[in-house]
Amino acid sequence: MAITAPMVAALRSRWRTPLTVGLALLLALGVFTGTEWTYQRALDSLVNLGGRDSASNALQTVTRSLLDMESAQRGYLLTGRAEYLAPYKSAQVDLDSALRRVRDHYQRDPELLQLVETLQERALQKVSETAETIKLYDASAHQAWQGLLNTDIGREKMEAVRRAADVLLVTEERRIAAERAEIYSTLAVGRFSVHGLAVLSLLAYAFFLRKNALLQASQVRHARQLQQERDSLERQVALRTQALRNLAGHHVNAREDERGRVARELHDEMGGLFTAMKLELARLRRVPELPPVAHERLAGIEQRLNEGIAVKRRIMENLHPSALDQLGLITAIEALCRDMAGSLGIAIDADLSAVDLDRNAELTVYRLVQESLTNIGKYAQARHVQVRLVQVDALVQVSVHDDGRGFDPDAVPTGHHGLLGMRVRVESHAGQLEVLSHPGKGTRIEAALPATPPTPEAVTA
């Protein structure tokens, strides 16, 4: 039976996949085995290295603790102040812990165990010497402790501790260097394994890139379409947001116009009525032979009439501040601050500068300050308030800062629309409002509005 080319291709195809899979599995097994071996060797070396670092630190702690104890001892003997005993006792605790760690580390090292025992013995003798001098000092045996210090026993013990510690430290440094060399060797083996895996991975990655090109092109087209849709949605959102701002500004202006109209009608109608009533009262007083009771009644009526005039004036000012139209923004805010300071019983400092704003923007600034001071009176429990108005280049900045109890701006209860109303007013003039507050740290309301450019007539003038 003749073997044809299709049969050869079929045989190759049949064996190619199992062979490829087998080689891949063999490679993966080799890489896994090598990596695991490298990891275990490096881990063992790191564990040993950590133990040796700990031993080195413990040896250094032994020397340092003895020096600290000696310093505390000398300070106590020189001054007699008990404060020096606290670092002495602390250093003694550190010394005991360090000696225990050193002995545990060298427990299975008979080559250095004798040296460790010598170190421990000399250190304990040094501790005993310092403790004895302190004991003699406390017993007022001054000649005895001075004589003990002059024998240089402590210095000899300290030198013995240093020599033993230096030998152990040099040994540990040599062993640490050997452990590091072992780690470097292990890492080199792992590096070559990783290099081989990287080469094979690059080949597989090249194949993947070729297969993934069409998918990437499709993703790019899809992303471009999504970006176009996103841009279109953002434009629509911006247009709708601007329309809502314009509508909100229109509503605010319409409400203020209506309040101004009502205030004017109150002034014209009620003012005329009250004036006529006061004239009638004046005429009645000039009537001859009025009984005293009538004069008392007339005085009561006049008092009620004056109270009604005051109520009318207060209602008109709440509806629309007359000082804003007649005297300007700065004077109106100063009057508002004085009135609120008197009614709330707190100090209000006003730092106001001339700014360029149109009529509606001035009213917005006035209402912002008014609403802020009203909220301070209701909720803040403040002792001091600062109001600031300034123009920086083409930006008008207004702020109201109090030292009250503050609040969380993100947790305003439902139904409180004061801050929202301020924000709507400010944003209707293309401005920005920021509320900075934290419980117990006061509140700061900051707004920035674009200044109104001067008219050509004003520039000429």
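Test Ala243 against the stated conditions and say whether it is within 43 Å of the chain's Cα centre (by Cα), at pLDDT 80 or above and small (Gly, Ala, Ser).
It is false that Ala243 is within 43 Å of the chain's Cα centre (by Cα), at pLDDT 80 or above and small (Gly, Ala, Ser).
Quick one: in the range 351-375, of everything that is buried (at least 23 other Cβ atoms within 10 Å of the Cβ) and either in contact with a Ser or Thr (Cβ under 8 Å, 6 or more places away or on another chain) or not assigned by TED's automatic domain parsing to the domain that holds Gly418 (or both), which residue is nearest to Asp403 (Cα to Cα)?
Thr364
Suppose we keep only residues that are closer than 30 Å to Ser140 by Cα and assigned to a loop (DSSP other than H, G, I, E, B) within the range 66-117. Which one would you say is modelled with the lowest pLDDT?
Once the filter is applied, the top-ranked residue is Gly80.
If only one of Lys135, Lys126 is assigned by TED's automatic domain parsing to the domain that holds Leu59, within 52 Å of the chain's Cα centre (by Cα) and not β-branched (Val, Ile, Thr), which one is it?
Lys126
If we keep just the residues of the range 430-461 that are β-branched (Val, Ile, Thr) and closer than 22 Å to Ala361 by Cα, which is modelled with the lowest pLDDT?
Val459
Being of a type in the set (Lys, Arg), over 30 Å from Glu362 (Cβ atoms) and assigned to a helix (DSSP H, G or I): is that true of Lys312 here?
Criteria not met by Lys312.
For the range 348-366, state whether one or more residues are among the β-branched types (Val, Ile, Thr), in a helix (DSSP H, G or I) and within 20 Å of Ala430 (Cα to Cα).
The answer is yes; a qualifying residue exists.
Out of (1) in the same structural domain as Asp68 (by TED's automatic domain parsing); (2) modelled with pLDDT of 75 or more; (3) within 44 Å of the chain's Cα centre (by Cα), the odd one out for Ile176 is which?
(2)
Which residue pairs have Cβ atoms under 8 Å apart, sit 6 or more places apart or on different chains, and have a first residue in the range 274-301 that is in contact (Cβ under 8 Å) with a residue 12 or more places away in the chain and closer than 24 Å to Lys312 by Cα and a second that is assigned to a helix (DSSP H, G or I) and β-branched (Val, Ile, Thr)?
Sorted first by the residue in the range 274-301, then by its partner, the pairs are Phe274/Ile309; Leu281/Ile301.
Here are Val62, Val93: which of them is β-branched (Val, Ile, Thr), under 27 Å from Trp145 (Cα atoms) and surrounded by fewer than 18 Cβ atoms within 10 Å (Cβ to Cβ)?
Val93
Which condition does Glu121 not pass, out of (1) surrounded by fewer than 16 Cβ atoms within 10 Å (Cβ to Cβ); (2) in contact (Cβ under 8 Å) with a residue 60 or more places away in the chain, if it passes all the others?
Going through (1) surrounded by fewer than 16 Cβ atoms within 10 Å (Cβ to Cβ); (2) in contact (Cβ under 8 Å) with a residue 60 or more places away in the chain one by one, Glu121 breaks only (2).
Scan the range 318-335 residue by residue and report those that are under 15 Å from Glu265 (Cβ atoms) and not polar (S, T, N, Q).
Selection gives Leu319, His320.
Output the number of residues of the range 62-93 satisfying the condition of being in contact (Cβ under 8 Å) with a residue 40 or more places away in the chain and among the hydroxyl-bearing types (Ser, Thr, Tyr).
Number of matching residues: 3.
The values are calculated or read from the model by the stated rules, or taken from the named source; none is laboratory data. Just so it is clear, the structure is predicted and the values come from calculations on it, not from any experiment. Positions of Cβ are generated from backbone atoms using ideal geometry, with glycine treated the same way; all protein chains shown enter the neighbour counts.
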